[in-house]
Amino acid sequence: GSQAGRCADRDTSLYTDAKAQIFLSTLTSLLRTKLDALQATKGLTERYELTHAPMDSDLTITSPYYQLLKAQRDNLDFLMPQFYNGITRPVIDGFANAGTGSVSTASVYTDLANDLFDFEPEKVVFGFCISDCSASNSNANAAQAVTVLQELKSYNNNEFQCNGGAFFWVAANDPDGSWATAVSAETSTGCESEQPSLQPSSQPSKSSAPSTQYRPSSSPSESAMPSLRPSLNPSKKPSADPSWSPSTSPTSPPPTSSPTTPFPTRSPTPAPTRSPSPYLWYPDWTGANEGCINDGQEPAYMVNNPSYLSEDLETCCSNHYNWMYYTCLGETAGGGIGMYYPDWTTNTGCLNDGMEPQYMTDNPTTFMHDTLASCCSSNFIWMYDDCMLNSGGGGVVTTTAPGIGNYYPDWVTRDTCVNDGNEPDYMSTNPEVWMHVTLESCCSRNYLWDYDNCIGGGGGGGVATTVVPPSAGLYYPDWENTDICLNDGNEPAYMSSNPTAWMLETLFACCEKYYSWKQDACMGGDGASATGQWFVDWNSFTCIQDQLGTLANSWDILHNSEQECCDTMVPWNDAC
């Protein structure tokens, strides 16, 4: 509807509701385009999610905002309507009734699920307010929210039994997670599969709403909505008489003789140990919630959204239980002898004694390392050399010998690290704390705030020392000056002292990580790829020319003239 316009400094001579609506519609469409381009660039299988979170008062079916969202529904993954502070009062009136609220929550929800979306209630996420909405009597404690969701699922003969769940305002008001836990338990139930009919439907479904039947219809669906995942073995035409029972033997190719899991195993298994099954694997969220199963009893919403299903247990565990991968597999060998983990109990280095905590075992890709160097660089970069010397298998600790050749912080005389052999007794008797094999390790441990000066001033007894820092030759994001990636050795101290976190070996890797939205410019394009056409600069909402210094990205839409670009892309901006 009309915009609130509560900004006192707004220039009303330039602003109109029509321009605001064009801007919002254009922004939504272009965000989808740019996010899809980014997905393709990164090679991702699932697209980035895009949503709106409007108030219910803006979602009457005649509202311009409603119509805008309906026109953009293919670009939205779901909608998050706020059923508080507006025209509905689901806690006081109940889901199906009006009273305190001017309209029933059910009427708004139905329009969203069945009109704005195409009979897709799973795309409507119900919004609650926990405790900030007392002025409008819109607060919902956990029990009240659960009641509303139960009424939602039972409404109109269970029409919305499978829905998009709920969100709430605001996380700070649920510090112990009790509200979210209770409501999450309710949203995770009620969408189980129903007993399928014995005969297929004689007419194809005209709705893209998920079917609750496992058995396909005898005619193809007329819905234009594509599935989220291609069939594993598509037929060229629909079966005229599909079978009711699954085949007794798998139709997929036989398992390979080497493991296919993305996580490294301790040693390869000579052959798969699990017997083949006609069913796909799915996350058992409504059961023990400790892993994936393939009993053929997955809920209907998973059947109708194959992104939940996996061909093998490893893929299912990787997709849905990554933080407890080996527990999901039913194994305990996530870490073990031979792999290093950070010993945060003593905080002196890494161990490979097989005594890592369970949470590390369950998440080996984050905590476990094949080599000591990898473990130390990932977890103790500020004391890398000490970590390398202090670490070892079975808890054996190797300490640094004191004396000439090892660096210590000279806080009394030179206020830098030196290796002249004159360290105080308390340092030489406790070398694992105070003495360092390299100047870099000593400076990063004791003079991190003045790292560059420490590196430049350190040395043994006044003897000049040539130091090659670990960051030499690496690329870093030059945010303060050129705003591209450089390898000129002028990176800030916090980057040079922690190069594994900030710096990369190649210009391409640096540009891809820090400047993906302008990767061509970051790579230092020579202008050969410049077209001379015009595209939108989304920082200024004006049109600029595709030329050296302002190269267009691959997803930018190009226009033959500045005027054409302005009129097409940002018609609401009279300054363009």
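Of the trypsin sites (Lys or Arg not before Pro) found in the range 49-152, none is in coil by DSSP with at most 12 other Cβ atoms within 10 Å of its Cβ.
Residues of the range 162-178 with an amide N closer than 16 Å to a point placed 7 Å from the Cα of GLU49 along the Cα-to-Cβ direction: 163-169, 171. Measuring between alpha carbons in the structure, the pairs from LYS19/LYS42; LYS34/LYS153; LYS123/LYS518; LYS42/LYS123; LYS123/LYS153; LYS34/LYS518 lying more than 24 angstrom apart are LYS19/LYS42; LYS34/LYS153; LYS123/LYS518; LYS42/LYS123. For THR366 and ASP520, the difference between the fully extended length at 0.36 nm per residue and the C-alpha to C-alpha distance is 52.3 nm. Taken along the Cα-to-beta-carbon direction at a fixed 7 Å, the label points for ASN97 and SER178 span 2.8 nm.
Under a Cβ-Cβ cut-off of 15 Å, what is the net charge of the residues other than GLU564 that fall near it, where Lys and Arg count +1 and Asp and Glu count -1? Here the count lands on -4.
Once the Cβ-Cβ distance of ALA40 and TYR279 is raised to the sixth power relative to R0 = 45 Å, the FRET efficiency obtained is 0.90. The residues GLU298, GLU562, sorted by heavy-atom accessible surface at 1.4 Å with ligands and nucleic acids left out, run GLU562, GLU298 from largest to smallest. Note on exposure: HIS436, HIS320 ranked by accessible area (1.4 Å probe, complete protein assembly) read HIS320, HIS436, with the most exposed listed first.
The figure for VAL170 is an accessible area of roughly 40 square angstrom, using a 1.4 Å probe on the protein chains alone. A Förster radius of 35 Å, combined with the Cβ-Cβ distance separating THR346 from TYR494, puts the computed FRET efficiency at roughly 0.85. Accessible surface comparison of PHE367, PHE117, probe 1.4 Å, protein chains only, largest first: the order is PHE367, PHE117.
The values are calculated or read from the model by the stated rules, or taken from the named source; none is laboratory data. Remember, it's a predicted structure, so these values are computed and weren't measured experimentally. Note: ideal-geometry Cβ built from the backbone for every residue, glycine included; neighbour counts use all protein chains shown. Calculation scope for accessible area: heavy atoms of the full protein, side chains included, ligands and nucleic acids excluded. Shrake-Rupley method; radii C 1.70, N 1.55, O 1.52, S 1.80 Å.
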